[in-house]
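K.L.:
What follows is a single structure, and I will ask about it in a moment.
The values are calculated or read from the model by the stated rules, or taken from the named source; none is laboratory data. Predicted model, so just to flag it, every value in this text is computed and none were measured. Because the Cβ atoms are built from the backbone with ideal geometry, glycine has one as well, and the counts that use them run over all protein chains shown. Ligands, DNA and RNA are excluded from the accessible area calculation, which covers all protein heavy atoms including side chains. Shrake-Rupley method; radii C 1.70, N 1.55, O 1.52, S 1.80 Å.
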Amino acid sequence: MTRETRRGRAAVRPHAVSSALTVALTLTLTACGDGRITPARSSAPDDLDYTEVAGSITDKQMQSTVTINGLVPNFPVPEGVDAPDGVEAYVLVDVTLSTGSEIAATTGPTDFQLQSASGDPLLADPSLEVALTSATFWPLEELTKGQSQRGWVAFPLTWDTLDGAVFVMTRPSEAALDNGLALEAAEFQVPLSADAG
């Protein structure tokens, strides 16, 4: 797996919009140094850590792909944001979603979870969109079929490490083909390693 922590990574802007797909990707993640999460001093790019990761999956039935590009493990709680109890930092996951044109469904941040190694789930937090945009991190949007977007999904972190965390996306049971046939709910997993994909 190619994984490198860098300081001062510039934020990613989207290039369109995407995905009726929902999938589950296994992340084997580390934060910085000893693997413990320490919130950055500010949301300025120079204060944040960016860890490159590489992993992708393809849902052949939906003709969609999901790629995890990297993550920021130490985005501080923005001023004015009412974070859940125990949250000291947010994890921002840099994803690219692309989908085929056959599925009538919508996918967005609410279809994602981050799970700890012990299975404790975190739901994506859409209330961080304004703060992310202000910090030049473009939030992932709700996407429909035949679209593509690279963007960020934020999770309020209550754990002190990301070791063994799992990024989860699911294909909802209401996903339907244009001919009216429904697809079964499904989850896909891919380890983020050099040969993932």
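K.L.:
List every residue pair whose Cβ atoms lie under 8 Å apart, where the two residues are 6 or more positions apart in sequence or sit on different chains, the first residue falls within segment 119-136 and is without any contact (Cβ under 8 Å) to a residue 24 or more places away in the chain, and the second residue, located anywhere, is among the charged types (D, E, K, R).
P.N.:
Taking only residues 6 or more apart or on different chains, not a single pair turns up.
K.L.:
From the list LEU114, LEU128, exactly one residue is open to solvent by less than 20 Å² (accessible area, probe 1.4 Å), outside any strand (DSSP E or B) and modelled with pLDDT of 85 or more. Which is it?
P.N.:
Unique residue meeting the criteria: LEU128.
K.L.:
Condition (residue is outside any loop (DSSP other than H, G, I, E, B), open to solvent by 20 Å² or more (accessible area, probe 1.4 Å) and charged (D, E, K, R)) applied to segment 79-98: is it met by at least one residue?
P.N.:
No, segment 79-98 contains no residue that is outside any loop (DSSP other than H, G, I, E, B), open to solvent by 20 Å² or more (accessible area, probe 1.4 Å) and charged (D, E, K, R).
K.L.:
Also, quick follow-up: Residue under question is THR133, and the condition is that it be surrounded by fewer than 20 Cβ atoms within 10 Å (Cβ to Cβ) and either under 17 Å from ALA186 (Cα atoms) or at pLDDT 80 or above (or both); does it hold?
P.N.:
Against the criterion (surrounded by fewer than 20 Cβ atoms within 10 Å (Cβ to Cβ) and either under 17 Å from ALA186 (Cα atoms) or at pLDDT 80 or above (or both)), THR133 qualifies.
K.L.:
Return a yes/no flag: does segment 73-87 have any residue that is under 17 Å from PHE167 (Cα atoms), polar (S, T, N, Q) and without any contact (Cβ under 8 Å) to a residue 60 or more places away in the chain.
P.N.:
Yes, the conditions are met somewhere in segment 73-87.
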